[in-house]
Every structure is written in C-alpha cells, then in structure tokens.
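Note sheet for the following structure.
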Amino acid sequence: MQKPRMPIRRFDVFAEFSRLEALEKGMSEEEAAGYGLWVAKVVASGGGRRTVSPKPPKEKAGKEEDEKDAEDKEAEPKGPRFRTLGDEEQTDELFDREIVRRMGEEFYREVFRPAMEDAYRQGRGYTEIRDTIRKDWKP
C-alpha cells in the first residue's frame, strides 16, 4: 500500500470533501479546489462557527432595477473566481501545494482522492469519515 509523505489531517479530508461538494454544485475543477482550501481554512480558524443572520427579504424592485440586476450579472467576469484570506487568493495551485504535494502527488491521485470520491458518492458525511478514512494512512 502506498504511504503519504506526511500524516493526513482532518484539514486535508475537509478540504477535499468541500472540493467535492463544490464540484457537485457546478464549480469548475480549479474553482472547486480553491473553494475547498478556503472553506477548510475558514473553519479551522473558527470562522465557520459564526452564525450569520439571514438577509431581510429584498423588496420587489421595479422593472428597471430588475433589468439592471440582470445586466450586472451578465457583466460579471466568467471563469474561476477565488476567495481570498488575508491578501492571498485560495487557488487550485495553492490547494495543490498545501494539500496534494504535502501528502504526495501519487498518493493523492491513486489513494486519497479515489477513496474520498467513493465515500462522497456513497453519501457518507464528513463527520462520519474524517477519522476512519485516514486511520491507516501513515507516512
């Protein structure tokens, strides 16, 4: 059995799980990887524990405002958009550096990623797999 270069952390499992969720919601591979890393860092820093009040319902805008909103959405840039923490964009390249290369590219590609995809497809939740999936993956 292949071994990772470094111990597999809950952080790694959460980042990959979040990447898979983002892919399922229609994000591109690049954007999903950046999103997975971003959300894992936010949660690890305690930022994911805050509750956010729902926005009050938007008052019905007039037809002109509806058309302007539609034009604004069309003018938004297409392609991956990455979230930022501090001054650093959380990109797919950063995901590769901080997650994939840390555990080893071959281990990620041949062991970690397929196991995570299988667990995700089976409908298993993050809390259900966060420790069990990585228990035998020791450097």
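Count charges around Leu37 for me, please; just the other residues with Cβ under 15 Å from its Cβ, Lys/Arg as +1, Asp/Glu as -1. Spelling it out: positives minus negatives among the neighbours equals -2. The modelled label-to-label distance for the pair Glu24/Leu85, using points 7 Å beyond Cα in the direction of Cβ, is 2.2 nm. Under the simplified labelling scheme, the Glu98-Val43 pair shows an inter-label distance of 1.4 nm, with each label point 7 Å from Cα along Cα→Cβ.
None of the figures in this text is laboratory data; all of them are computed from the coordinates on show. Treat the numbers as computed from the prediction; the structure is a model and nothing was measured. Please note: Cβ atoms are built from the backbone with ideal geometry, for glycine as well, and neighbour counts cover all protein chains shown.
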